[in-house]
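Report on the following structure.
The values are calculated or read from the model by the stated rules, or taken from the named source; none is laboratory data. Every value quoted in this text rests on a predicted model; they were computed, and no experiment measured them. Using ideal geometry, Cβ is built from the backbone for each residue, glycine included, and neighbour counts are taken over all protein chains shown. Ligands, DNA and RNA are excluded from the accessible area calculation, which covers all protein heavy atoms including side chains. Shrake-Rupley method; radii C 1.70, N 1.55, O 1.52, S 1.80 Å.
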Amino acid sequence: MRKRPVIPGPEKPVKRAFSRRNVLLGGAAALAAAGPLTACSRLAPAPPPHTSAPSPASGLPAAQAERALLLQVLAHPDDDLYFMNPDAQRAFAAGTPLVCVYVTAGEANGQNKTPADRQPAPNKAAYSAARHQGLRQSYAAQLGLPVFTRWETSALRLRGGFQVEVNTLQHRGRSVELVHLDLAMHTPAGHMGIPALWRDRGLLLRTLVPEGSPVRPVQTYDYDSLVAVLVELFERYRPTLVHTLDPDPDIQLSDRITQIRDSEQPGYSDHADHTAVACFSWAALIQWAQRAKGGPPAFAVTSFRGYYNHHWPKNLPPQVLRPKAAHLVPYGAGPDWACGNPAGCGDYNVGGDRPLTNRKGWVRSTHYRYPGPRLALAPNVDGTLTAYGVLGLRAVRYEERGEAGGAFTAPVDLGGGPLAPVLGSATLPDGRHLVLGLRLAAIEGRGATDAREIVVLEQHGTRRYGSWTSLGNPEGADADRGRRIGVPVAVTAPDGRVHLFVRNAAQGVSTRVRETGGAWSPWRDLGGGQVQDGLTAVVGADRQVHLYGPGRDTVHHWTPNGYAPLRGLPVPADAVAAADGRLYYRGPASARLLSPGGPAGSAPDFPGFGPVAAAGGYLLGLDTDGRVQLGQGGHLTRPATDPATLAGPSLVVDRRGPTAAGLSPDARPWLWRPRQATA
């Protein structure tokens, strides 16, 4: 996987007085003057964070899709294989049609290196074509076909005259389309194109034509045309699930050698192309959602971390890692493969056993930018449940159909967008609900401020809600740091106060508290160790609020008074569940569930992948095949009709027993009670 950014020198002033002709013809010089490329970087100092009112609750029905489709937007060929599996592969294997949109040509420096030849002659058009061929080989194998199966290859003409290359393959009712925009990764001066296209005004970026491509002319994109093309692809394919890369990677200080060897942009834990393409993707999603009539369109979003995987514990057990890495083998291929493509048969540098032996370890994890349950379950006074989720970047409400349960009503729009995919919630002492979200308040690029804020919606009656209110950002007026915050979690204390927690830019925790009269305290930094996002807030047996977060070294713990370290706990790979005085989580690269602090040998037998939910003596999570499972006292049950699900199912235990819920790739909710289960 070869994506080496050129690290520019000190920043120089950017001249604004370019004519369109001068920017196009002198593009290399213009980009060279743009200075260091940071994560969706700004050119001007940031004003205070954006705090305008989010879109109101319309109360209208939200759209529901007729069929599932997964669309992924990638910066380079192989971003999907490294960062979005096993999620994408499992949805694909379950029959969900797949469309992958690759924004750049992936040509890098044009050297398709092999173990025997580390300095081949550069040929960007051939290297790009070889990576395209590797993708076709990988997805043919995932369809159960021979790796050298011929694909239908065509040029698709879009509005505005742009053409994109489309590779299509179908087998036994399943289909995959690979869409290549082929924007150049670098300018003639060696600077990175997509990050500059996002951050600056008036720049144009040419495409690179891979060998053998059906799209022959060199095309020129500006900021608006790239957003427009992505919007048109969303409208054309109408996905129910969109995968993007991380628009707001963590602040990650590393030395110059690490930046060059690991391709990380200075100051942040990802490749600059990943970040810029994710920003373009979200800008296009916002435009698509805003065009919809009568409520949010029926799509969900998952954003995946990238080079972040190198810095945190690996979370894929061998049963999940092996098939993920195996999909990279036909992509990497080798120079001795007889694929019939004169330009090459794959990205040779990642062929063979390289995915598993590479010290960077990208393939060994799958981390989400916005982790947590996709549905926030809240009890109603009549004993039923309400689920809050995000569709079309707006909050929606689902109601359980009667106390007998078994299904949800159609979604109702609650507005608030554009929201990150995971909501927090809390129930007030009188039974009313609070809904909390991370809002992408501004994601515009071109020198404008890109801002994030925490927002809250308060229920006023059975089906009545107030207006969305901004709770600001724990990083205050620092907009760059403010983009690094996590999704909100909240819990209601026995005294009726609601405690809100958010991971901050320092990878610690900040909090606000809602008093019983409705007023919110200022933001306060709780200090403590660095943790991943995916916080867990509970009220313990001592009737005190406790917060847990997965750190690099151990489980980190806070109370409302501040950091309260726990000693000697094993390292967690993902979020930590807490219930009945015990903690539950998986260790690095392990399917085994840990429960430190309990009696010796008492860890439940609950093998699987990813975080678990725990309540009332029950455990809920995914097995290593991605299937939903419920555990109690060592006994496992699964739904009679196994729901295809996005990661992060929710669990509630009440007088009726346990209830599990989640969101499927078709952007529809599922609801399961154990009486509908089979062993």
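A few notes on this one:
- Selection of segment 82-140 for residues being small (G, A, S), farther than 24 Å from F234 by Cα and in a loop (DSSP other than H, G, I, E, B) yields A108, G110, A116, A121.
- Scan of segment 635-655 for residues that are more than 28 Å from the chain's Cα centre (by Cα), without any contact (Cβ under 8 Å) to a residue 60 or more places away in the chain and either closer than 28 Å to G549 by Cβ or not in a loop (DSSP other than H, G, I, E, B) (or both), ordered by number: H635, L636, T637, V653
- Residue match in segment 493-507 (condition: touching a Phe, Trp or Tyr at 6+ places or on another chain (Cβ under 6 Å) and closer than 22 Å to A614 by Cα): no
- Residue check, D262 open to solvent by less than 20 Å² (accessible area, probe 1.4 Å), farther than 20 Å from A448 by Cα and at pLDDT below 95: yes
- Scanning segment 476-498 for residues being open to solvent by 10 Å² or more (accessible area, probe 1.4 Å) and not in a loop (DSSP other than H, G, I, E, B) gives a total of 6.
- Looking only at residues in segment 584-597 that are closer than 16 Å to G633 by Cα and outside any loop (DSSP other than H, G, I, E, B), the one that is least open to solvent (accessible area, probe 1.4 Å) is L593.
- Residue list for segment 78-137, filter: free of Cβ contacts under 8 Å to residues at least 60 places away in the same chain and open to solvent by less than 10 Å² (accessible area, probe 1.4 Å): G110
- Residue in segment 51-70 that is nearest to R463 (Cα to Cα), counting only those that are at pLDDT 95 or above and either of a type in the set (D, E) or surrounded by fewer than 24 Cβ atoms within 10 Å (Cβ to Cβ) (or both): A68
- For P421, the test of being part of a loop (DSSP other than H, G, I, E, B), more than 29 Å from R201 (Cβ to Cβ) and in contact (Cβ under 8 Å) with a residue 60 or more places away in the chain is passed.
- Residue within segment 575-583 that is of a type outside the set (G, A, S), touching a residue at least 40 places away in the same chain (Cβ under 8 Å) and either assigned to a strand (DSSP E or B) or open to solvent by 20 Å² or more (accessible area, probe 1.4 Å) (or both) present: no
- Restricted to segment 346-362, and to residues there that are part of a loop (DSSP other than H, G, I, E, B) and open to solvent by 20 Å² or more (accessible area, probe 1.4 Å), the residue that is nearest to R136 (Cα to Cα) is G352.
- Being surrounded by 23 or more Cβ atoms within 10 Å (Cβ to Cβ) and either closer than 19 Å to S303 by Cα or modelled with pLDDT of 95 or more (or both) holds for only one residue in A378, A343, A338, A333, and it is A333.
- Residue match in segment 245-262 (condition: in a strand (DSSP E or B) and within 21 Å of G106 (Cβ to Cβ)): yes
- Within segment 461-519, the residues that satisfy the criterion of being hydroxyl-bearing (S, T, Y), under 27 Å from the mean Cα position of the chain (by Cα) and closer than 28 Å to A578 by Cα are S510, T511.
- Of the residues making up segment 623-646, those that are farther than 20 Å from G406 by Cα and open to solvent by less than 40 Å² (accessible area, probe 1.4 Å) are D623, T624, G626.
- Subset of segment 265-302 that is surrounded by 21 or more Cβ atoms within 10 Å (Cβ to Cβ) and of a type in the set (S, T, N, Q) - its residue that is nearest to F234 (Cα to Cα): S281
- Scanning segment 394-405 for residues that are within 17 Å of W672 (Cβ to Cβ) and either modelled with pLDDT of 95 or more or within 29 Å of the chain's Cα centre (by Cα) (or both) returns Y398, E399, E400.
- Candidates L440, L391, L457, filtered to the one that is more than 18 Å from the chain's Cα centre (by Cα) and crowded, with 21+ Cβ neighbours inside 10 Å: L457
- Some residue of segment 317-330 being surrounded by fewer than 20 Cβ atoms within 10 Å (Cβ to Cβ), free of Cβ contacts under 8 Å to residues at least 12 places away in the same chain and not aliphatic (A, V, I, L, M): yes
- Single unsatisfied condition, G160 versus (1) touching a strand residue (DSSP E or B) at 6+ places or on another chain (Cβ under 7 Å); (2) in contact (Cβ under 8 Å) with a residue 12 or more places away in the chain: (1)
- Reported count of residues in segment 647-679, each being small (G, A, S), open to solvent by less than 40 Å² (accessible area, probe 1.4 Å) and over 21 Å from L70 (Cα atoms), is 4.
- Enumeration of residues in segment 514-537 that are crowded, with 18+ Cβ neighbours inside 10 Å and among the β-branched types (V, I, T): V531, T536
- Any chance Y548 is buried (at least 18 other Cβ atoms within 10 Å of the Cβ), aromatic (F, W, Y) and more than 21 Å from the chain's Cα centre (by Cα): yes
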